[in-house]
Amino acid sequence: MKIRLVAVSLLGLLLSACASGPAYRPAPQPGDYGYRDTMLTSEQFRVSFSGSDGTARETVENFALFRAADVALSQGAERFRVVSRDTSPITAYNDFGPSANVGYGYGFGAPYWGTGIGYSTGGRSETRYETVLMIQIGPDVPDDGPNVYDASQIKHNLAPIVAADQRR
């Protein structure tokens with residue numbers, strides 16, 4: 001009975017880990033999920049957010065804007081201008097082939113071992129999105145206009161979306 005409880009608990013943990021998308025967090029390494037920003041000059045920054053498979057394009061774009069607002073505020077700027085924006089799909093193809101597995105299980109009152117050999121002819125593709133923003137802060141950014149954002153307002157308006165993703 002204890003073995004079944006442990007197995008069910010582990011399965012639940014694994015499934016919950018698979019279901020969660022990338023939270024709003026820094027990307028540990030280039031190519032990982034999360035945000036990255038680079039100061040190019042004292043007034044120009046490159047800000048990006050990369051989502052995981054299944055993260056909606058709009059979510060990735062919102063997270064990039066949220067990070068741009070974070071960067072602007074951390075630099076003492078009230079507003080920022082998006083000079084350029086690019087959202088790109090990144091598609092990975094998983095082509096399955098030969099595989100071999102060894103497993104251990106418990107059933108019908110006794111433990112057992114099993115092996116398997118197979119070959120998959122199918123494959124699948126997974127698409128995720130990355131948004132890259134070039135932003136400008138500083139005295140040359142007008143009070144309003146095309147692509148000019150109030151950093152505090154962006155943080156306030158997008159905070160519920162970011163918080164909702166953190167709870168997934």
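The values are calculated or read from the model by the stated rules, or taken from the named source; none is laboratory data. Predicted model only: the values in this text are computed from it and were never measured. In this analysis, Cβ positions are derived from the backbone assuming ideal geometry, glycine residues included, and neighbour counts consider all displayed protein chains. Accessible surface areas use protein heavy atoms only, side chains included; no ligands, DNA or RNA. Shrake-Rupley method; radii C 1.70, N 1.55, O 1.52, S 1.80 Å.
Data for the structure
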| read-out | value |
| --- | --- |
| Condition broken by Thr55, with the remaining ones in (1) open to solvent by less than 50 Å² (accessible area, probe 1.4 Å); (2) assigned to a strand (DSSP E or B); (3) farther than 26 Å from Val148 by Cβ satisfied | (2) |
| Residues of the stretch 53-85 that turn out to be free of Cβ contacts under 8 Å to residues at least 12 places away in the same chain and hydroxyl-bearing (Ser, Thr, Tyr), as a count | 1 |
| Residue check for Tyr104: modelled with pLDDT under 80 and either under 30 Å from Asp150 (Cα atoms) or exposed (fewer than 11 other Cβ atoms within 10 Å of the Cβ) (or both) | yes |
| Boolean, Ser42 is open to solvent by 60 Å² or more (accessible area, probe 1.4 Å) and modelled with pLDDT under 50 | no |
| In the stretch 41-52, residue farthest from Ala151 (Cα to Cα) [restricted to those that are part of a loop (DSSP other than H, G, I, E, B) and in contact (Cβ under 8 Å) with a residue 24 or more places away in the chain] | Ser52 |
